2 protein chains.
Amino acid sequence: MAKEVTSYEENYAQWYNDLVIKADLAENSAVRGCMVIKPYGYAIWEKIQATLDKLFKDTGHVNAYFPLFIPKSFLSQEAEHVEGFAKECAVVTHHRLMNSPDGKGVVVDPAAKLEEELIVRPTSETIIWNTYKNWIKSYRDLPILCNQWANVVRWEMRTRLFLRTTEFLWQEGHTAHATRAEAIEETRRMVHVYEKFACEWMSIPVIVGAKTASERFAGAIDTLCIEAMMKDGKALQSGTSHFLGQNFAKAFDVQFATKEGRLEYVWATSWGVSTRLMGALIMTHSDNNGLVLPPKLAPIQTILIPIHKGDEELAQIRECLQQLKNELEAKGISAKIDDRDNVRSGFKFAEWELKGVPVRLALGPRDMQNQTIEIARRDTLEKQVLPQAGIAGFIEDLLPQIQKNIYKKALDFREKNTFIVDSYEEFKQRIENGGFFLCHWDGTAETEEKIKEETKATIRCIPFDAPDEAGRCMVTGKPSAKRVVLARAY
Amino acid sequence: MAKEVTSYEENYAQWYNDLVIKADLAENSAVRGCMVIKPYGYAIWEKIQATLDKLFKDTGHVNAYFPLFIPKSFLSQEAEHVEGFAKECAVVTHHRLMNSPDGKGVVVDPAAKLEEELIVRPTSETIIWNTYKNWIKSYRDLPILCNQWANVVRWEMRTRLFLRTTEFLWQEGHTAHATRAEAIEETRRMVHVYEKFACEWMSIPVIVGAKTASERFAGAIDTLCIEAMMKDGKALQSGTSHFLGQNFAKAFDVQFATKEGRLEYVWATSWGVSTRLMGALIMTHSDNNGLVLPPKLAPIQTILIPIHKGDEELAQIRECLQQLKNELEAKGISAKIDDRDNVRSGFKFAEWELKGVPVRLALGPRDMQNQTIEIARRDTLEKQVLPQAGIAGFIEDLLPQIQKNIYKKALDFREKNTFIVDSYEEFKQRIENGGFFLCHWDGTAETEEKIKEETKATIRCIPFDAPDEAGRCMVTGKPSAKRVVLARAY
């Protein structure tokens, strides 16, 4: 095999990095912390985008676009928000370069200093609520249900491709409502849209719940989230939906006239997912042979490989594969023939396995004689030889099975690695091996902080579906009404 | 009418601005020179994007994503490029803010100064060719046919919504080829993709040709373009495709091994269109009542308005309209019912006219009795009453007619305002009234510069389809082989 992937048992971090690089998803750029998303990786992101965009529109949202830059003073308007976001960011201070006096290259023109610095948006609540101020006068202007697809920048010290990069791509929804109840309903609606997307498209089971106060978005009253378990038992927060109350409306003085003519502050939500989802996708399904892509998000769903000796043999085989490709495409299944002549078929097998293509077809001279074809599933690595006739229909049935199977595998894995623990001592030992822990917690930030300091684990969420169960906090012994999910996280 | 639009005869610039603002396309933001693209404007841009994206993919291109930031030193690598782009730009110098010592807000942390400043990309040739260096080793790695959809920043002193903004959205294609001929072919292919898009989707006739040396992209060997005529007779460059030769390959040392094993520099192209196209769309078709959108790009193709007195009447009419809406949507035609109860139907008529919706249906009590409906075309402002039965089919036929009609109107306008002139004196007088001028030019930058200085007109392009015609330069009398297009431009 040309490109060897480090096994995840041996070095998990290296395994992840190998997958991203060797499957041609992304790479580091010349700019520290910023990545280049390569065509194969971007094709997956495009499918994520298109699907989510449709889900957003089906729930009544529209897209818009707000500026990349935020005046520095805007960030200070909302007290908690500035603490969370105004620290590590890209600051634009000048608007011109000039030829260097020494004749070598260009330097910043000191005369072109901006009166007020601009921040490259780390998130857009402030600039958007400053805009909404002019859009909202009366209850008739509400709700506003906007989303934007954009790039954002958070200056990260330690970066990892897709998981934590200085620049990343995302969508951010920003909605404005007349009532508290409507905004809360929207916050819930969107976290469930994310849940649906994770389960049905990404084949990733997620736990839906609320963050504790200390894990909330800076400026939110409540943060809902979806949490997924990665192959190393760590959690990855895959999407968040925030109920912002009237915090941003007050910070930017956005009031509306009610039907009855009173002036009230507007209620807000925001919600987002990012290219981080690519990291979740990789770390949920992949194995030591490479990626395993869910059929619904795979840029290529079927790879067709000719096995041949001479050129004449190839011509016949290629013709047969081309016909198959046409049949697949007529059914809306994407297919590609790999007829490169400079690599062997074993190399091709390994390469498309590495790239996670769900179904592989291989056609050789004996198959041509027997009118058969070899079909291999990426998820189970099973191979079988089937008649050529009806193979497109077979694949049409197989793809949803693969989609479900990898979901089930991920769910089984999560269940196997989810533990109910009541003793803090036991927790401290077992957290070393990863996994989700369902534990009682006394609801205080102090206990949460103590757990984090002593174990590096955090409360990932208070799950919506956690049953009421009287118990005692595993740390302090104080009463608790339900279990929360604890894990180490990305 | 609630929102009056300044007439374009009276004040063209104000007319344009009124349309953008009052039709809810975009507005200025709190950040100087940056716009907010509002949902209605963004919906048009999404259709532009989706169509172009398909045209790019149909011609073999894939999408990728490259960093927002460019290290300052990269811009200096290509000598002409730095002159064109490294001057007015957004410069990131720091990566952290801190609480102000006086306790008021945040200030730039002087300790967080970057070693090398980063420039917010004004265009991405440099960062992309620095990346391609690692992607290209042999002829087997070529061609690379990448496009990216992105935001870019050019610090503009005077800005106008869509036409010239500090931040704008665009796509930039960047391709790498083994031979000069192939790169030239790609450059031509893409300018023709833009031509096709302008004509068939935007209903904008364009002149396709090559720029003169002084109007070329900074770093290009040849720049091809499409030029459109706006309602005031000025030209708007609507898309460009550049043959970059080996300039960027040499600047970033990108060589490949040929089949024969020689090392050669790679050949490059780049091509782009931006949100500027929105300006072209507005200024080609609109009138004093507002926008006139080509059906293929209209977010709402049919608006349905109930004319009613009481609530009971409304219920019946709404039911009928809903059925019609379903029929239209079943045919893939977008439709919206405007049943607001706080504005009169006259207001609604004016508002949807302003927003350029191609077809309006109005249904009142008499129509209900007669089973008729009033249909109005936005392009001709013609109204007629037709039977309700078959109206969806009628609209299905009508939309392509409107699409063609506004193209023809724009073409007629351009032809009426295109003049063959051989005397420089005559040119100097007539250019004051706008229009395209087909003139002989001696091919020198000096003459071009003189014309520009004396008349503010530039050579828009040397059209591909200009017939060979021996003549004499209108300024110097020197020989010329074909006429070029001169105009004042946006």
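No value in this document is a laboratory result; all are computed from the given coordinates. In this text the structure is predicted, and so the values were computed from the model without any measurement. Positions of Cβ are generated from backbone atoms using ideal geometry, with glycine treated the same way; all protein chains shown enter the neighbour counts.
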Treat the range B:337-387 as a sphere of radius equal to its Kirkwood radius over Cα pairs and apply Stokes-Einstein at 4 °C in a medium of 1.567 mPa s; give the translational diffusion coefficient in µm²/s, rounded to a whole number. 111
Would you give the gap between the C-alpha center of the range B:202-223 and the C-alpha center of the range B:120-167, rounded to a whole Å? 18
Just want the answer: with Cβ charges of +1 for Lys and Arg and -1 for Asp and Glu, which residue in B:356, B:330, B:345 is farthest toward the dipole's positive end in the range B:302-398? B:356
at residue B:331 the sorted inter-copy label distances (label 7 Å from Cα on Cβ side), in nanometres, are 3.5
Difference of contour (0.36 nm per residue) and Cα-Cα distance, residue B:470 to residue B:200: 93.8 nm
Excluding residue B:193 itself, calculate the net charge of residues whose Cβ lies under 13 Å from the Cβ of residue B:193, where each Lys or Arg counts +1 and each Asp or Glu counts -1. -1
Please compute the average number of Cβ atoms from other chains found within 10 Å of each residue's Cβ in peptide B:316-329. 0
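Can you tell me the length gained on complete extension of the stretch residue A:258 to residue A:343, counting 0.36 nm per residue apart and subtracting the Cα distance?
23.6 nm
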The helix A:12-22 Cα axis meets the longest alpha-carbon principal axis of chain A at an angle in degrees, between 0 and 90 and rounded to 10, of 70
Shortest first and in nm to one decimal, what separations exist between residue A:382 and its copies in the other chains, measuring from label points 7 Å along the Cα-to-beta-carbon line? 6.4
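Taking Cα pairs under 8 Å and at least six residues apart, what relative contact order does the range B:248-337 come out at, in percent?
Here the relative contact order equals 19 percent.
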Would you please give the FRET efficiency between residue A:454 and residue B:444, computed as 1/(1 + (r/R0)^6) with r the Cβ-Cβ distance and R0 = 51 Å, to the nearest 0.05? 0.05
Could you tell me which of the pairs B:22/B:47; B:57/B:211; B:54/B:133; A:54/B:38; A:404/B:331; A:47/A:383 are separated by over 24 angstrom between their Cα atoms in the structure shown? B:57/B:211; B:54/B:133; A:404/B:331; A:47/A:383
Measure off 7 Å from each Cα along the Cα-to-Cβ vector at residue A:79 and residue B:389, then give the distance between these two points in nanometres to one decimal. 7.1
Would you tally the net charge around residue A:248, using a Cβ to Cβ cut-off of less than 12 Å, leaving residue A:248 out, and scoring K and R as +1, D and E as -1? -2
Rounded, prolate or oblate: which fits the protein assembly as shown when a ≥ b ≥ c are the square roots of the eigenvalues of the alpha-carbon gyration tensor, with rounded for a/c under 1.5 and prolate only if a/b beats b/c? rounded
For the range A:357-490 the mean separation of alpha carbon contacts under 8 Å (6+ apart) over residue count, i.e. relative contact order in percent, is 18
Burial-style ranking of B:62-70, B:459-467, average other-beta-carbon count within 10 Å with highest first, yields B:62-70, B:459-467
Pop out the ³J(HN,Hα) list for the range B:218-229 in order, Karplus 6.51 cos²θ - 1.76 cosθ + 1.60 with θ = phi - 60°, rounded to Hz; leave Gly and Pro as x. 5, x, 9, 8, 8, 10, 9, 8, 10, 10, 10, 9
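What shape does the range A:300-397 have by the C-alpha gyration tensor, where a ≥ b ≥ c are the square roots of the eigenvalues, rounded means a/c under 1.5, and otherwise prolate means a/b greater than b/c and oblate the rest?
Working: a/c = 1.44, a/b = 1.12, b/c = 1.28.
It comes out rounded by the Cα gyration axes.
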Cβ-Cβ FRET estimate between residue A:489 and residue A:422, R0 fixed at 22 Å, reported to 0.05: 0.50
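If packing is taken as the average number of other Cβ atoms within 10 Å across a peptide's residues, how do A:127-133, A:378-384 rank, most packed first?
Output ranking for A:127-133, A:378-384: A:127-133, A:378-384.
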Note on the range A:236-385: alpha-carbon gyration tensor, axes a ≥ b ≥ c; rule is a/c under 1.5 for rounded, else prolate if a/b larger than b/c, else oblate; result prolate
With a cut-off of 8 Å between alpha carbons and a minimum separation of six or more residues, what is the relative contact order of the range B:302-398 in percent? 31
So, in nm and shortest first, the distances from residue B:137 to its counterparts in the other copies, with label points 7 Å along Cα→Cβ, work out as 6.5
Averaged over the residues of B:93-101, the number of partner chain Cβ atoms within 10 Å of each residue's own Cβ comes to 6
18 Å Cα-Cα reach of residue A:231 towards aspartates and glutamates, excluding residues that sit fewer than 8 places from it in its own chain: A:9, A:10, A:18, A:287, A:379, A:412, A:415, A:432
Can you pull the mean other chain C-beta count within 10 Å for peptide B:137-148? 1
